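A short reminder: the numbers here are calculations on the coordinates, not readings from a lab. Keep in mind the model is a prediction, meaning the values are calculated, not measured. All Cβ positions, glycine included, derive from the backbone under ideal geometry; neighbour counts span all protein chains shown.
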Amino acid sequence: MENMKILQVVGYKNSGKTTLMNRLIALAQETGKKVSAIKHHGHGGKPDLPPAGTDSTQFLANGAASSLVYGGGLVQLHLERQEADLEKFIGFSKLIDPDFILIEGFKDAPYPKAVLVRSGEDWDTLKGLSDIRAVFVHQGVELEGVQTLELDKHAASGRFFREWMGSGKDESI
């Protein structure tokens with residue numbers, strides 16, 4: 001786990017974060033790497049739980065601070081926490097000894113980032129984030145003085161991610 005790397009995928013709503021995350025997860029799996037994914041649910045409110053009648057949701061409804069279900073090789077964990085403690089979430093993710101942890105969201109965290117930009121206005125507010133490694137833009141978006149990758153060009157995202165996976169370098173853009 002010493003060589004485990006973390007990459008954040010950040011951007012505003014509907015910028016393609018989940019699409020890029022899924023693409024990167026598939027690329028990592030193709031190379032035999034194990035990935036853990038963490039997502040910040042930025043849609044307001046709590047994420048959907050399994051149906052209310054399941055044992056795990058009954059435990060939560062009756063006051064349990066957490067509920068863990070295991071079956072068929074899958075662990076499902078639900079915690080009641082008011083704070084989004086990314087470091088603890090990363091700690092949970094490390095339990096499977098991944099090669100990489102991909103994080104969707106949590107913009108202000110200090111990890112290397114792939115930033116998704118829909119417009120120049122997006123870039124104006126996101127360019128101040130720490131440790132930006134790549135800037136992905138939607139078709140037709142041009143940012144002056146910034147090297148960008150077009151989100152719809154899968155080969156470009158693949159090249160970036162393969163280089164990032166194998167790189168021992170720690171260079172930001």
> For a label point 7 angstrom out from the Cα of Lys94 toward its Cβ, which stretches of the stretch 1-32 have the backbone nitrogen within less than 16 Å?
Replying inline: 1-7
> By the scheme Lys and Arg +1, Asp and Glu -1, what is the net charge of all other residues having a beta-carbon under 13 Å from that of Gly16?
Replying inline: +1
> What FRET efficiency do you get for His41 and Ser130 if R0 is 25 Å and r is their Cβ-Cβ distance, rounded to the nearest 0.05?
Replying inline: 0.65
> So, counting K/R as plus one and D/E as minus one, what does the shell of residues with Cβ under 13 Å around Gly120 add up to?
Replying inline: -3
>> Looking at the calculated P(r) for the stretch 41-83, what percent of the C-alpha pair distances fall above 13 Å?
In response: 59
> Of Val146, Leu7, Leu24, whose Cα points farthest to the positive end of the dipole of the chain (charges on the beta-carbon: +1 Lys, Arg; -1 Asp, Glu; origin at the Cα centre)?
Replying inline: Leu24
>> Please compare each pair in Lys46/Lys153; Lys33/Lys88; Lys94/Lys153 to a cut-off of 29 Å on the Cα-Cα distance and tell me which ones are over it.
In response: Lys46/Lys153; Lys94/Lys153
> Going by average Cβ neighbours within 10 Å, how do the peptides 157-164, 73-80, 132-139 rank, with the highest at the top?
Replying inline: 132-139, 157-164, 73-80
> How would you rank 55-68, 109-122, highest first, on the average number of other Cβ atoms within 10 Å across their residues?
Replying inline: 109-122, 55-68
> With charges only on Cβ, +1 for K and R and -1 for D and E, what is the dipole size of the chain about its Cα centre, in debye, rounded to 20?
Replying inline: 280
> Along the charge dipole of the chain, which of Phe136, Gly91, Gln76 sits closest to the positive end, that is, farthest toward it, with unit charges on the beta carbon of Lys, Arg, Asp and Glu (+1, +1, -1, -1)?
Replying inline: Gln76
